[in-house]
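Below you'll find the structure, written out as C-alpha cells, and then a few comments.
Derivation of every value follows stated rules applied to the coordinates shown; laboratory data play no part. Note that this is a predicted model, so its numbers are computed, not measured.
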Amino acid sequence: MTAKAQRRRENMAEDPIINKVASSGIITLDLEELYPQGERVVFDLKPLLWQEVALKEEDLRAYVKTHNWAQYQGKFVGVHCSADAIVPTWAFMLIATQLQPHALFVSQGDAEQLERAIFTHFVAHLDVEPYRNARVVVKGCGKLPVPLNAYVELSAKLIPVVKSLMFGEPCSTVPLYKAPKPLRDSGSSSE
C-alpha cells in the first residue's frame, strides 16, 4: 500500500460517515404507506338491465329488497354500469343508499375511477400540520398503483403549508416548489 493510500485510510477512520440525507430535515411522504387498505369492489348495474338496454324501476326495487348488502361490509365500492345503456341517476343513488350502511366508502365509477375517488377522499382529509414549514419529498416509485390524481391533489394541498416540495427519493429529488421568503419588516414607521 502506498503512503498516500495509507493516509487516506487513516483519515477515513478518523472522520465518521455522516448521512447527509438523514440530517437534512427533509420529511418523506410516501403515499404507499398511507394507502387506504381494504378490498375494492365494483357493483355493476349491467346484469340488472332489461335486455342490456335500459333499467326498469320495478325490477331494480325488487332486487334491492333481496340482495345481500352485508357482503360489502368494510369494502370500497364503486357503482358502475359497464353497458352502454339508459340508466337514470336515481338508480346509482338507490344502490348507494343500500351500500352506505355497510361499505367503508362508496363512489360512482369503475375500478380505476374508484381508486381515484378513494385517493381524492384520502388527500382531502390528510392532516397537513406535520408538514408545516417543512421540506417535503413525495416519494415516487412504488409497488402499489397510486393514481396520478393523488400526487396532483397532494401537491395542491401541501403548497400552502410547506417550505419546499420535491418528488422522488431524498437522495435524488426533483424540486417542485419553494415557498417565497417572507418580506422583512424594515422596522421603521413614517410618522
Filter the DSSP H helices in the chain by two things, a Kyte-Doolittle mean of at least -0.5 and an axial alpha-carbon span of 15 angstrom or more, and list the hits by number.
-> 89-99, 111-124, 148-158
So what is the calculated 222 nm ellipticity per residue for the chain, using -39500 (n - 2.57) for each DSSP H run with n of 4 or more, over all residues, to the nearest 500 deg cm²/dmol?
-> -9500 deg cm²/dmol
In whole percent, what relative contact order does the chain give with Cα contacts below 8 Å and a gap of six or more residues?
-> 21 percent
For segment 40-119 the translational diffusion coefficient, Stokes-Einstein from a Kirkwood Rh over Cα pairs at 25 °C and viscosity 0.890 mPa s, in µm²/s, is roughly 193 µm²/s
Can you flag which of 143/181; 56/143; 75/139 are past 31 Å Cα-Cα?
-> 143/181; 56/143
Search the structure for amide H atoms under 5 Å from the amide H of residue 29, placed 1.01 Å from N in the peptide plane, and list their residues when 5 or more places away or on another chain.
-> 137, 138, 139
Write down the Å³ per residue value for the convex hull defined by the alpha carbon atoms of the chain.
-> 259 Å³
